[in-house]
Amino acid sequence: MDISTKTTAPPAPAEPPAAPLKTTRGATRPGDRIFLGLSRGSGILLLVIMAAIAAFLTYRASLVLSKNDGNFLTTFEWNANNTPPVFGIAVLAFGTVVSSVIAMVIAVPIAVGIALFITHYAPKKIGGAIAYVVDLLAAVPSIVYGLWGALFLVPHLTGFYSWLNDYFGWTHVLEWQGGAPRTLLAVGILLAIMILPIITNVSREVFRQAPLMHQEAALALGATRWEVIRMAVIPFGRSGVISASMLGLGRALGETMAVATVLSPSFEINASLLDPGGGTFAQNIAAKFSEATEQGRDALIASGLVLFVITLVVNGAARAIIARRKEYSGANA
């Protein structure tokens, strides 16, 4: 009688026990929980500080705006110590915006060019030396820039102003009547020099992170160095350049001592950028705070609130621009 043997399959391996569900994202160990709490607390603290600043500025501004005998937005006068006070921010807003725009127009292209030269054109030793000099410029105090601007830059702008008047005076925007070159254009040039290191340093680090494979692929297809930069490097670093520009714009909007040293302030708006006069929010606060009464200080705080709002709007616009260009953030590199 034949006996057939039946083979049985080996038992399946036991499944590993299921991992316990995480109750808090990233909080699996004590160190993670501590770091999560510290980082979350830091973010909340920042929001609290911003809200406290906004509340303080709003409260102090409301105390004097109700007494203002002029229009806060359109009055070309600042007599906040009088009774009743008469003051407005029209001249200050115009001077702040115009000088900052001039600084950005001058500084951003030069800063991006320096950053590209350091990262993609200059030999390593030369690029390192230039980067070191740019870092030193970022460490120079504002008052030193102001003294340099007042004692060197302004006296040497006479020939440049004369040239602008000869060739572009017909526009009336660059018409020069022969006065002292302590103008918004001089302030814009000085601010451009001051924000140049900030924009250059951030842009340089962003361009260094451009995917090497993208650049090599462009070179393999026969692209020139400039075409590689235009097609692979600049699109990747566009959001970083925008962020760097906003950092520089923030300093230009709030710069105080350098502007106060160079500018010849007056509460009038000139059609020409080469005419002396004008003012900025920060310069006006620094110049008038020491002699201001309690009412005058509240008026200066009201102008500071406007500068605070302008800064928030500018940064919000920058974040919106960056959010629309997430494809260049480097996540898909």
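Taking the residues in segment 245-268 that are assigned to a helix (DSSP H, G or I) and in contact with a Lys or Arg (Cβ under 9 Å, 6 or more places away or on another chain) as candidates, determine which candidate is nearest to residue 182 (Cα to Cα). Restricting to residues being assigned to a helix (DSSP H, G or I) and in contact with a Lys or Arg (Cβ under 9 Å, 6 or more places away or on another chain), the top hit is 262.
Among the residues of segment 162-205, those identified as polar (S, T, N, Q) and outside any loop (DSSP other than H, G, I, E, B) are 162, 165, 171, 200, 201, 203.
Among all positions in segment 155-173, there is at least one residue which is among the small types (Gly, Ala, Ser), in contact with a Gly (Cβ under 9 Å, 6 or more places away or on another chain) and at pLDDT 90 or above.
Looking at this structure, is residue 60 in a helix (DSSP H, G or I), surrounded by 13 or more Cβ atoms within 10 Å (Cβ to Cβ) and modelled with pLDDT under 90? So residue 60 does not fit the description; no. Between 286, 271, the distinction of being assigned to a loop (DSSP other than H, G, I, E, B), among the aliphatic types (A, V, I, L, M) and surrounded by fewer than 21 Cβ atoms within 10 Å (Cβ to Cβ) belongs to 271 only.
Total residues in segment 127-170 satisfying the condition of being of a type in the set (D, E, K, R) and touching a residue at least 40 places away in the same chain (Cβ under 8 Å): the figure is 1.
Taken together, 316, 278, 254 contain a single residue that is buried (at least 21 other Cβ atoms within 10 Å of the Cβ) and either of a type outside the set (Phe, Trp, Tyr) or out of contact with any Asp or Glu (no Cβ under 9 Å at 6 or more places or on another chain) (or both), which is 278.
The values are calculated or read from the model by the stated rules, or taken from the named source; none is laboratory data. This one's a predicted model, so the numbers in the text were calculated from it and none came from an experiment. Positions of Cβ are backbone-derived with ideal geometry, glycine not excepted, and every protein chain shown enters the neighbour counts.
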